[in-house]
Amino acid sequence: MELGLNGKQLPFSLRSTLQCGQLFRWKEREDWWYGIVGQQAFKIQQVNDVLKFKGRTIDFMKNYFRLDDDLQCIGSRIGRDSLVKKAVHAFYGLRIVRQDPWECLVSYVCATYKNIPAIKGMIFELSKRFGERITFEKYDFYTFPRPEELARAALDDLMRCGLGFRAIRIREIARMINRHNDIETYFQALKEASYESARNQLLQLPGVGYKVADCVLLFSLEKLEAFPIDVWIKRIIQRHYIDHFERSFIQKLLGQPGLSSKDYKKISSFARDYFGEYAGYAQEYLFHYYRSG
C-alpha cells in the first residue's frame, strides 16, 4: 500500500523518526524498515513524498507515526532560539511515535544506564523468550510479552535476557500492572490525567525515576510537554541555556555526573515553560541533533 505525504503539507522523515533513539525494535533490510507493533510485523519505506508499506493499514500508519501532528505549528512554537531552529531544520519531519504504553514502560526501564544496542538486545531477548514468534517475509519477529507473562516469569529466566538488576524490577512492575483487571483502562487513565498526576503515578513503580517516567509519558501517553533529561540533554542545558539558571546551579551540574531529583525537576520545569506544550518535540530534535553531530 502507499500513502502520499503531499510534501510541505505533511512533512515526515521516516529515517529520522526511526533512528532518533525513541524506538528499539526496527531494522533496515534491503531499503525497507522492518518492525513489529503489537501482534503484527510489517515493513515500510519512504520514497520522496510517498510511504510504501505492507502488513498494516493506512489508518494505522497515520496514528502510529503521529501524522496528525502539525509539525509546522510545532516547529514555530518550539523555535525559541537558534539551536533548536537548527535542530528542527536539520531533521525536519522527525515525529514522535505513538508507542504501546506497556512495551514503552518496560523498554525504558531496560534503558537505565544502557546504550541503545544493549537496550535493543534486552528487548529482543525478552520478546524471544516470553513472546510469540511471528514470521513475516522469511524473517522471524517476536511479540512483546504481556504483563501476566513477565509477572509469572522465573527470575533466572529474566536474568538470561541480560537484564541484570533490572530483572527483579521488571517482574515487580509486571505484577503491579497485572493486578489491574483491564490494563488498557489503566493506561488510558494515565493518558487522561494531567502531566503531573500521571508522572507521580508512574514514579510509584519500581525502577521508574523521573527520566523513565518522562519517556513513557512522551512516547506513549500523549504528554507532549514531557521533557526527558539524559546526559545529552544535560550537556545541552549546560552549554546553551546557562543564562536561564543561576550560575551556582550550572556550576553544580558541572561538578556532578548525574542529576538529583530536585535538579531534574528544575530543568524539566524550565524546559516546559520555555518550549511550551510541545517541549517533548524540542527535546527529541535537540537530542538527535546533538547526538548526530
Here the residues within segment 172-189 that are in contact with a Lys or Arg (Cβ under 9 Å, 6 or more places away or on another chain) and either crowded, with 18+ Cβ neighbours inside 10 Å or outside the structural domain of Lys128 (by TED's automatic domain parsing) (or both) are Ala174
The lone exception for Asn48 - which of (1) surrounded by fewer than 20 Cβ atoms within 10 Å (Cβ to Cβ); (2) farther than 23 Å from Ser292 by Cβ it fails: (2)
Would you be able to tell me the number of residues in segment 1-42 that are of a type outside the set (A, V, I, L, M, F, W, C) and outside any loop (DSSP other than H, G, I, E, B)? 15
Being touching a residue at least 24 places away in the same chain (Cβ under 8 Å), out of contact with any strand residue (DSSP E or B) (no Cβ under 9 Å at 6 or more places or on another chain) and buried (at least 20 other Cβ atoms within 10 Å of the Cβ), is that true of even one residue in segment 129-147? yes
Just checking, does segment 113-128 include any residue being surrounded by fewer than 17 Cβ atoms within 10 Å (Cβ to Cβ), in contact with a strand residue (DSSP E or B) (Cβ under 9 Å, 6 or more places away or on another chain) and hydroxyl-bearing (Ser, Thr, Tyr)? no
Just wondering, is there one or more residues in segment 237-253 that are touching a Lys or Arg at 6+ places or on another chain (Cβ under 7 Å) and touching a residue at least 40 places away in the same chain (Cβ under 8 Å)? no
With the requirement that a residue be surrounded by 14 or more Cβ atoms within 10 Å (Cβ to Cβ) and over 16 Å from Gln204 (Cβ atoms), what does segment 158-170 give you? Leu158, Met159, Cys161, Gly162, Leu163, Gly164, Arg166, Ala167, Ile168
Under 6 Å between Cβ atoms, at least 6 apart or on separate chains: pull out the pairs that start in segment 100-116 with a residue that is under 13 Å from Leu23 (Cα atoms) and end on any residue that is of a type in the set (S, T, N, Q). Pro101/Ser220; Cys104/Ser220
Looking for something surrounded by fewer than 16 Cβ atoms within 10 Å (Cβ to Cβ) and either in the same structural domain as Glu196 (by TED's automatic domain parsing) or among the hydrophobic types (A, V, I, L, M, F, W, C) (or both) - is there at least one such residue anywhere in segment 251-261? yes
Residues that are crowded, with 19+ Cβ neighbours inside 10 Å and either in the same structural domain as Phe124 (by TED's automatic domain parsing) or not aliphatic (A, V, I, L, M) (or both), drawn from segment 22-42: Gln22, Phe24, Arg25, Trp33, Tyr34, Gly35, Phe42
Please return the ranges of helices (runs of 4 or more DSSP H) entirely within segment 172-288 where 1 or more residues are of a type in the set (Ser, Thr, Tyr). 183-192, 195-202, 210-220, 247-254, 261-275
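The values are calculated or read from the model by the stated rules, or taken from the named source; none is laboratory data. In this text the structure is predicted, and so the values were computed from the model without any measurement. A quick note on method: Cβ atoms are made from the backbone with ideal geometry, for glycine too, and the neighbour counts reach across all protein chains shown.
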